[in-house]
Structures are given as C-alpha cells and as structure tokens.
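The values are calculated or read from the model by the stated rules, or taken from the named source; none is laboratory data. Owing to the predicted nature of the structure, the values given are computational and were not obtained by experimental measurement. Virtual Cβ from ideal backbone geometry, glycine too; neighbours counted across all protein chains shown.
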Amino acid sequence: MRTAVDSTSRAASDTRRTVDERELLSRAGLARFVLAAGLVSFASWLTIWCAVGTAIATALILILIYCCWRTAATAVTLPGVSQVPRSSTWRLRNYAQPVRFLWVLLAVAAMLVTALVYRELLGGTFILVVAVCGILLTSLLIAGGFESPLPSAVSEARRRDWRRLLESGTRRRVVRRCSVVAAVSAFAFALMARVLVLTARQRLEQGVRPGASRIYYDAVAITRWLDDALTGAPAGSVLQRWAWPALVSGFVFAGSLLASTAFLLAARAVLSRSAGLHTRTPENLRSRPESAAPSVSSEARGKNEAYFGLWPMVRAWRGTALFNSSIATGDSAHLDRAIVLLRRSSGVPPAGHPDRAMFQSYLGAALRLRFERTARQPDLDEAISIGREAVAAEVADLKARARHLSNLGISLQTQAEQTGVQADLDEAIAVGREAVAAVSADHQEQAMYQSNLGGALRVRFDWTGQLADLNEAISNCRAAAATPTEHTYGAMYRSNLGLLLRIRFDRTGAQADLDDAIAAGRDAVETAGVDHPDCPMYLSNLATTLQTWFETTGDLSAMDEAVNLDRAAVAATSRDHTNRAMYLASLGLGLRVRYDRTGLLQDLNEAIVVGRRAAAATPADHPDRAGRLTYLGAALITRLEVSRRQPDLDEAIAVYRDAVKVATAPPRTRAAAARAWGHVAASEQRWQSAAAGFEAAVELLDRLAPRSLARDDQEHILDEVEGLAADAAACFVQAGQPGRALELFEQSRGVLLSQALDTRTDLTVLTEKHPQLAERFIALRDKVNEPADRFASVAAGNGGQYSPSAERRMATVAAFDRLVGEIRELPEFRSFLKPTPIQDLLPLASAGPVVVVAVSEYGSYALALTLTGVDPLPLTSLAPEVLADRVAAFQAALKDRASSDKRVREAAESRLTDILEWLWDAVAGPVLRQLGVSGSPADTERWPRLWWCLSGLLAFLPVHAAGYHGPRGDAVPRTVLDCVVSSYTPTIRAIAYGRRTVVADDDGRETAGAAGPSMVAVAMSSTPGASDLPGVDAEVAAIRARFGDQVRVLAGVEATRKDVLAALPAARMAHFACHGFSDPMNPSASHLLLQDQALRVVDVAELRLDVAELAFLSACSTARPGERLTDEVIHLTSAFQLAGYRNVIGTLWPIADRHAVDLAAEIYTKLVSDGDVAAALHSATRWSRTARGWDRPSTWASHIHSGP
C-alpha cells in the first residue's frame, strides 16, 4: 500500500509540475511575442529619422527573425538544459485551430493596412519593407507563441534536469526575465507612440499630409493612456500591469489611427485569451493546487473583463479618438458617435474606479462640446452631473484629477454664461484654480488648465468689473501662450491672451497692452490657418482688437481690416453654429463704428441688418442677447439722427427694453441698455418711457457695484453712470412724479456712502426682537468693514496671481447679503436696508427744507423736501453747458488769485463776485422765493436752516455765498448769507445719520455721547516735503484759549498717522491745521499731510466713531469734489462725516494761512457760547465778509458746514 501511495503521489506531483511547466513556458512565449512585436514596431519607427536608424532597424529585424526561428524550433532554452530536437508538427497543429487562424488573418490584414497608411501619411518606402517583415514574424509568434508544449521527444533524463532546475529557483529567474522583457516592450510601445506624435506634429507644421491632423490628435490620446498605465504600475506587479497594457496599446493604437474594426477585434481577441494569465502572479503559480483551473474564477473574470474592456476599454479610447477628431475637424457625426461610445464605456467600471472617473470626464467634455454646437440644454446638464461625479471619485493620480477638475470647470462656466448665475461661475473658477495647482508647471496639460481658468476669470470680470480677476486671467493666459507655436492649442492660447489684453487696455489705457494684443491676435490667426475649426473665433477676436486700435489712433486701415476679418469669420461659420450670432454682432458693431468715421450710409444700413440677424439668432434667455440688442439699438439711433425715421426710434426703444429684460445678462450690460433707453426716449420727450428706462438703470446699481468689489473697481464702474441721478430725477419730474424723482436721486447718488451707512444702521429694534440675527449681522458687518488693505487686490499686490484674501472678501459679502435677505423675510423688517421711500424722508425736513438740485440736459430742477412733500422748481437758467462754463471760470479765477500781480488778483476776485451773483439768479434766488424766505430774521428770532444737496458740477460752487454782496442798499437782501443758515449734505440719508443721539454698540446696548468737550488738535506747522504754515501755532493757541486743558495737541513727530488714528476715538472734536490735498481724478486719494504718512479719505472712512461731534478741517480743499465721481461726493469732509462726526467744517478751495487762523478763532468763539456748529460758521462767515471785504469772496466764502 505504501508503494502505491508513493506512486500516486509522484504521479500527482508530475501532473502538477507539468501544468506549472506549461504555464511557465506559456508566459515565456508570451513575453517573447511582446518583445518581438515591440522591437519590430520600434525598429520600424527608427527608419523615419535617419539612415543610421534604418541600418539599425534592418539589423534588429534580421536578428529577431533568426532568434524566433531558433526559438520556434527549440521552444525555450534554459541554463543547464540542452537544446531539444526540432519539432515540425507544432506549427500545423496550432494553425489548424480556427480561432487562432482567424486571429492571424485579422492581425496580418490590419498590420498590412497600417504599413500602407503609414507610408502614405508619413512617408518612407522602407517602412513598408520593415512592416512586412514584422508581419511575418508576428504572425509566427501569434500562431505558436502563446503555448509551447514540451516536445514529446524530450527524454526522461532531460525532464528530470528540467524539474531540478525549476525546483532550485531557476523558475523565479525565468519569470523575472519575462517581466523585464514585458517592461521593455511596454516602454517600446510608449516610445513608438511618442515618435508618432512628434512626426505627425512635424508633418502638420509642414502641411505635407492632410490626414496628419487626425493621427496627431489620436496619438495624443493614446500616449496619455500609456503614461497612466506605465507610471501607475505598482512595484512587484511589473508583468501584470506592464505587459498587457503594452500589448493592448499596440492594437488599440493602430485601431484609433485607422478606425479599423479589424484591429479592434484583434485587441479583443488578445485580451480574451489573456484574461486568466493577467490576474495570476509568480507566487500563486507556486502554490496553486492541481485541481485549480488555469484561469481565474468566473466572478473575477467578469470584473477583469469589465474593466479591461474586452469592449469597454476599446470603446472608450475609440470614443476619445472620435472626440478629438471632432475638435480638429468640426465633424458632428464623429462627436455623436464619440458620445455613444463614451457613455456605454463609462458605466462599465465599478463606482469609485479611477477609469470610471476618466471615462466620465471625457464624456462630460464631449457633451459640453455638443451643447456649444447645438445648444441642447440636457447635454450641458448631463456634462455637469457626470463631471461632478468624476471629481468626487477618489483618484490617486493628481494628473487625472486635474483633468477632471478642468473639464468640470469649463462646463460650469458654460452653464453660468447661459443662466447668469454667478455661483456657477465662482465654482468654475475655484475648480479651475484647483486643476492648475494639481500639476507641475511643466506638465503637458498645464497650459490648457491655465487657459481654461483665464476664460472663467474673464467672464467674471465682464460681469463684475473686478480688475483683480482680469489681471489673474492675463497672468494665466500669458503662461499658456508661452507654449511652442506648433502646440495643438497654441493658436487658441494666443487668441485668448490677445482678447484679455485688449479688455485691460479698455480699462486702464495702457498702450503696451493694446500692442501686445494685436501681436498675439495676428500670431493666433497665422498659426491656426484658415482651415482650422476655431479660425473664425480667432478672426473675430483680432477684429475687435483692431477696432480698438482704430478708436485709439484713428487709423482707418485698421478698421477696414477689422470689418474684413469679421466678414471672413461669418462666412466661415455655418448658419446653425452657436457662435455665428457673436460674429454677426461683431461685424455689425464694426460697420457702425466705421460709419461714424466715413459717413458711408451703406455701412450703417448693413450694420442694422446684421445686428437684427445677430439678435434673432440668439436665444431669448442667453446672456449675450442683451449686448447684441444694445449694439443694434445704437445703430438704429445713429440712423435716427440722420434720417429721423420714426420706426427706427420705436425699434430702438423696443430693443433696449428687451435688453434690460434679459435677467441672465451681466448687470453692466443691462444698466447700459437701460440708460440708453432712457436717453433716447427723453431726447424725443417721451417722458414716461424715459422715466422707466432710467428707473431700471437705478434699480441695477446695487448689482452694478457690489460691496464685494475692490474700491477702485467700484469707482470705475460708478464713473460709467455719472449723471444718472440728475437724468432720472429730471425725467420723473417731467413725467409728473416729483416724489419718485427725489427717491431715485437719493438712491443713485452717493452709492458708496450708502453702502457704508447700511453697515452702520441702528440695530436696537433688531437686537431686542431677534438677538441672534443681530449678533450675526454685527459679526459679518465688522468683517465687511475691515480695512481694504486686509483684502489686498491682486492688481496692486502680486502681479496678477491668485489672492485668497479677495475670495474671502467675496464670500464674506455673499454671506452678509444672504443674512440681509433673511432679515427682510421677517414681517417687521421687510424694508431693512432698502432704499428709503419718500414718506420716510419727509420727517428729515423738520428742522428746515432740504433742497436737491438736479442739473440735466432734460431740464434742471430744484426739489425742495418739506414736511408736506416735494415741491419741484424749474431752473431754466441752469443749463448743463452754462454751468460748465461758469465752473471753469470760477476755477480759473481761483488760480489767478494766487498771482503776484495785484491787478490779476483783483480781476480774479471780480470774476468770483460775478459768478456768485449768477448763482443767486440761476439757483439760490428762485429757491428762496419758492420757500418763502426773504430777508434776515429779527434779532430775537432764530435763523432759518436750509440744506443743499447739489449734483454734478454745481457742487464746485459756493451756493451758500450766492448773491449780490455789494453796497446796493436793497430793502430785501439778495444774498443767501443774509437769509438762511446753509449746510450741505452728500445725501438726504446722511442727515438722519448725523442726527442720531444714541448709537448701539456691538452688544446692542445704547452708548451715550461723552460728557463735556474734548478735542484732538493736529498741528503741522512744519511738514516734511511741504512748505511751513506759521499760522498753525497761533491757531492752536486760540483753541487752547477757548477749551483749555481739554485739548490734546499732536504736533511734529507726535502727529503720525498711527497716533492720530488712535487718538480720534477718544475725543468728541478734532481739529486739523495742516496741508490738505485734493486729487480731482482720484478723489479717494485726497489726503491730509501728517508727519510720516498721509491720512487718506479711505483711512478716515473706515473709522466708526459713535461719540464724535465736530471735525474742523482747517486745510486746503477738504470739501472739494473730484472731477470724476462728482455724484459720489468723495472728499475729506464726507469721509469724516461717514466716520461718525455729526458736524464737519471743510473748505471748497485752497485757503491762506493767516485767514484760516482768524476764521477758526471766530468760529470757536461762537461755538463756545452757542453750541450750534452751523450757526457758528454762518456768523463767522458774515463777520469775515465784513472784515475782509465783500469784494474778496475767496477769503470769506471758502468754508462750508456739512451735517445735521
């Protein structure tokens, strides 16, 4: 029995070893096949480059043929084992298998076709010879290389030697060598793909073969997959991860190039044959029981086949190739087929598998591209949905994740452009930044990610006007445009850069940007060529830039070229293409601009025709529709001015109205359309329609310049709507609605000031009823009010790089706006922080009327707010052009006043006097008569009060000093000074802010004002870099004489910006005796000169002083408005009022040192006795007029009071 058992055991052992030997030899044959196929392919590509490569390839092929002939006869040679006899039966036996014979036929046919196509596309007769040799060799290996059974002629002794060598560890070395062979083969295939990419690119550049573009795009896709396969292989699994990707890539590579079903079938056959071998390792070969099947379980095989494709993997890469082909050629059929293949493939890998995310990402990109061509919304919705799923998958490969993020970002940007939802655009920018950060700067796709991010940032700039976004977009696109000219998307990168530079030129006026924009645009057009699918886009971008060049330089040839380029873009685009409307709109704009220069009516008529076509081709809810309608309206108005055709007027008003209704359009575009609507209707005296247009523009102001923007960006945008307040008020008065006129004037004037006042509103009631909401409001309010330096703009700080602080501010403001909306949902707070209605403004006239003066080309009016309502008064002598002349004459006279020539000074004072008399006739006299004010009050009566709220250029003139001041002996004085006490206010709402008596602190408790007077006096008799002010010491002495020890003086080195800002909150009053500077073009930069740094408008406005009573700015031009943003009332006086000072005394022009001392002393004398700041200034001004002389108004009319 014992012998029988041993015999059975040996038999079982022999059987198990036979299986292992067959398995091992099968692996060896497989590796031999992979190595041969890889080297043959590599050798064939060597012949492309040089004669030496041809010789090397020939030698390699001859050696391979000889080696394979030997190995086919001897099966395999191992160390210590003699060669076995030849066996001539294995070839016929293997060829007799029908399935294998089919594989051979398919492979041979496909390879032969490949060789012929390579020769046709890439050139080289010798390639055909090499390929044929490779076909013969590969055919032999496919036929007999997978299984090489031990020949029956091998003797028993040789078998024992074979087993001994296997048992001694030689098997491990054989497997290791097979793994190395497979790895080398994989690298050979990868190198082959890269060579093809370079070759096709070179042929593309030379324009030799029309089919090279297709090869290039397909080769890029295959190379990317090879990179993932090779770099993602874990250590210890070289054979199972490298051998099969290399083999399959060879077949799929050729299949994608040729769209050959034969190659795809061959790939499927090889994968099917290798399914079992792929999942087995040398370790489980050693220990597998004899009863185990040579392949994996059915469940494992199902997963393996599901992932390795059999068909799914092939479908995916075939779909990717078709997608790339559609990008290159614009073929819609290829795109549709690609979507079908990618959709079927993306559902096969299990959830969470990295390949599933990869397939979904490509499917999303294909769906988005089809949406861009067909405008089918379901495609875009699906693209975003599967893009989010791909990004959410846990992908270890950062390069793959970056690709998923970028694709999702483009889809979100497209969605935002369709819907106008900024949240989608913000998310697109966020994921775009993450994609850029995920890969290194030298990554092959980094340029694409940067370009995509730049596009999203440009859209947000178009919407918000935030210069930081534009600078960051240019920084990214400039880096992308640094790629070589022959890069696939090099033309696109340069065109995008040119577009962005042109936009920044429009914003900043930097000539270098415009020059670079034209150069980049021309480079893009020349690089792409007329046959490129995106060439129309590049032509249109260049045309827009050339139009800007024409508008800047007047070069008509540039405008002619721009029109021709726009025509070419339209001609190269099919009628159903989604971009055709954009090209038509650009052409229409160019034709109208050229008409303005040439007067050729044919251009104007054509501009209207193509403008109508552009508007008709744009969906009603598309964001770009508003801009295209606005272009059409401008062309119609231009023709109306020439022909006076009534239909043009009606159509223009209609298209502007339709443009305003496009809710998805950027607020800037809608506001521009609304203003144009108001202007064209008002010009034809259609007051109701004009009022509706201007009202729509005013309602958009909050969205036009939101708190989230940097102050510079807000000011730039608000400068575009300068004069809106007066135009809206005038049209509503003309329409018979003076109350609404005043409401809109208040809502559209001082927008920045109103936003600041919103955050300083009284929260007492909210704190009592909803303390948690009040606490959240205070926390967010404080963050919103943080100094601008903490939210440094990209434009000023880091050369266009992404600044997280700006994003944090945007998020903070968004949270603040959401909270305000939440508070407004409460029944008792529905009007929380909303524009003040007229019924709430009326009580502010309890202490005296508030006179709003609106100067507009549609009529100038004084709107007197009293307790009973709003009384409009036409000011027929206050035409805008007349006012402009008077203001210019007034400013010139002020300059002449500083002349050393006495006669010039006297003439200047005479002109100032004349202008004060004109002010009485045109403005002040009619207003006082309307209010029933005449003459001075009796000695026992209080002086009546009046507040002036002036618009536009009128704010430069001293209306409080208007009148005839000479000794004329009039029974009733005709001067404002002798009738009322005048004060100024930037807005009516600011009066209410100044009249607060208690202020809630951060905990909601009421804080009373400090008891007794206290003052900080900043005295700069000597200022570094400026002239001395000798009168400052006398001015401070006069203050000390009246307030004694309650005055804290900061002088010399103590008067630093830091110390001054720290001292202001502790004092009820502040006096500044120093140099002042008013910047007419950038009023926010106006400042007071201190010891070390300037105290700017923005520095003061950021203060929040609840107990401040008076700020006396005894410096030059502290109340002078800017020539820009006049209606925003940005100057030092309004800044101190916003900081919390109830009363502020400022100056309209430069003042003399000695006069400032006398006037300050007189003001404080009256203030100590009376306590009324406005009355004290009024009395001191009348005293100074008498002391200095009525005919020297520059010495006594400079100071004004702003406050309640």
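A quick yes/no check of all residues on (1) assigned to a helix (DSSP H, G or I); (2) touching a helix residue (DSSP H, G or I) at 6+ places or on another chain (Cβ under 7 Å); (3) at pLDDT 95 or above:
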position	(1), (2), (3)
524	yes, yes, no
530	no, no, no
533	no, yes, no
536	yes, yes, no
563	yes, yes, yes
573	no, yes, no
578	no, yes, no
587	yes, yes, yes
Q | Residue ID - nearest to residue 404 (Cα to Cα), chosen from residues in segment 431-450 that are free of Cβ contacts under 8 Å to residues at least 40 places away in the same chain and among the aliphatic types (A, V, I, L, M) | A | 435
Q. If you take the residues of segment 763-786 that are out of contact with any strand residue (DSSP E or B) (no Cβ under 7 Å at 6 or more places or on another chain) and part of a loop (DSSP other than H, G, I, E, B), which of them is surrounded by the most Cβ atoms within 10 Å (Cβ to Cβ)?
A. 770
Q | Neighbours by Cβ (under 8 Å, 6+ apart or cross-chain): first from segment 636-655, basic (Lys, Arg); second assigned to a helix (DSSP H, G or I) | A | 639/604; 639/605; 639/608; 639/648; 645/639
(Q) For segment 557-591, which positions are of a type in the set (D, E, K, R) and crowded, with 21+ Cβ neighbours inside 10 Å? (A) 566
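For (1) assigned to a loop (DSSP other than H, G, I, E, B); (2) modelled with pLDDT of 95 or more; (3) closer than 24 Å to residue 727 by Cβ, each residue gets a yes or a no:
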{"residue": "596", "(1), (2), (3)": "no, no, yes"}
{"residue": "630", "(1), (2), (3)": "no, yes, yes"}
{"residue": "633", "(1), (2), (3)": "no, yes, yes"}
{"residue": "662", "(1), (2), (3)": "yes, no, yes"}
{"residue": "673", "(1), (2), (3)": "no, yes, yes"}
Q) Quick one: how many residues across segment 1128-1155 are surrounded by 23 or more Cβ atoms within 10 Å (Cβ to Cβ) and either touching a strand residue (DSSP E or B) at 6+ places or on another chain (Cβ under 9 Å) or under 16 Å from residue 1082 (Cβ atoms) (or both)? A) 17
Q | Among the residues listed as 553, 544, 548, the single one being among the β-branched types (Val, Ile, Thr), closer than 24 Å to residue 448 by Cα and not assigned by TED's automatic domain parsing to the domain that holds residue 464 | A | 544
**Q.** Counted residues, segment 1130-1153 - those being more than 21 Å from residue 1167 (Cβ to Cβ), assigned to a helix (DSSP H, G or I) and either outside the structural domain of residue 1172 (by TED's automatic domain parsing) or among the small types (Gly, Ala, Ser) (or both)
**A.** 2
Q. Which one is modelled with the lowest pLDDT, of the residues in segment 949-965 that are closer than 26 Å to residue 989 by Cβ and in a loop (DSSP other than H, G, I, E, B)?
A. 951
Q: Quickly run through segment 441-500 and pick out the residues that are among the charged types (D, E, K, R) and either over 26 Å from residue 668 (Cβ atoms) or not in a helix (DSSP H, G or I) (or both).
A: 442, 445, 486, 494
Q. Among the residues of segment 966-981, is there at least one that is outside any loop (DSSP other than H, G, I, E, B), closer than 17 Å to residue 848 by Cβ and in contact with a Pro (Cβ under 9 Å, 6 or more places away or on another chain)?
A. yes
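To keep it simple, each residue is scored yes or no on (1) under 23 Å from residue 543 (Cβ atoms); (2) in contact with a Phe, Trp or Tyr (Cβ under 7 Å, 6 or more places away or on another chain); (3) not polar (S, T, N, Q).
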{"residue": "589", "(1), (2), (3)": "yes, yes, yes"}
{"residue": "612", "(1), (2), (3)": "yes, no, yes"}
{"residue": "618", "(1), (2), (3)": "yes, no, no"}
{"residue": "622", "(1), (2), (3)": "yes, no, yes"}
{"residue": "626", "(1), (2), (3)": "yes, no, yes"}
{"residue": "659", "(1), (2), (3)": "yes, no, yes"}
Q) Does segment 342-360 contain any residue that is at pLDDT 70 or above, in a helix (DSSP H, G or I), under 31 Å from the mean Cα position of the chain (by Cα) and more than 22 Å from residue 389 (Cβ to Cβ)? A) no
(Q) Suppose we filter 1068, 1048, 1042, 1096 for residues that are touching a strand residue (DSSP E or B) at 6+ places or on another chain (Cβ under 6 Å), over 26 Å from residue 1149 (Cβ atoms) and modelled with pLDDT of 90 or more; which single one remains? (A) 1048
Q | Any helices (runs of 4 or more DSSP H) falling wholly within segment 676-758 and containing at least 1 residues that are at pLDDT 95 or above | A | 687-699, 724-734, 738-748
Q) Tell me, which residue of segment 592-615 that is among the polar types (S, T, N, Q) and without any contact (Cβ under 8 Å) to a residue 40 or more places away in the chain is surrounded by the most Cβ atoms within 10 Å (Cβ to Cβ)? A) 605
(Q) Residues to consider are 1106, 1099, 1127; find the one that is among the charged types (D, E, K, R), farther than 30 Å from residue 508 by Cβ and within 41 Å of the chain's Cα centre (by Cα). (A) 1106
Q: Any chance you could count how many residues in segment 1165-1201 are part of a loop (DSSP other than H, G, I, E, B), touching a Gly at 6+ places or on another chain (Cβ under 8 Å) and of a type in the set (A, V, I, L, M, F, W, C)?
A: 1
Q: Could you figure out which of (1) modelled with pLDDT of 80 or more; (2) not in a helix (DSSP H, G or I) isn't true of residue 800?
A: (1)
Q.
When you scan segment 1033-1056, do you find a residue that is surrounded by fewer than 24 Cβ atoms within 10 Å (Cβ to Cβ) and closer than 24 Å to residue 984 by Cα, even just one?
A. no
**Q.** Single condition residue 833 does not satisfy, out of (1) over 30 Å from residue 774 (Cα atoms); (2) surrounded by 13 or more Cβ atoms within 10 Å (Cβ to Cβ); (3) at pLDDT below 95
**A.** (1)
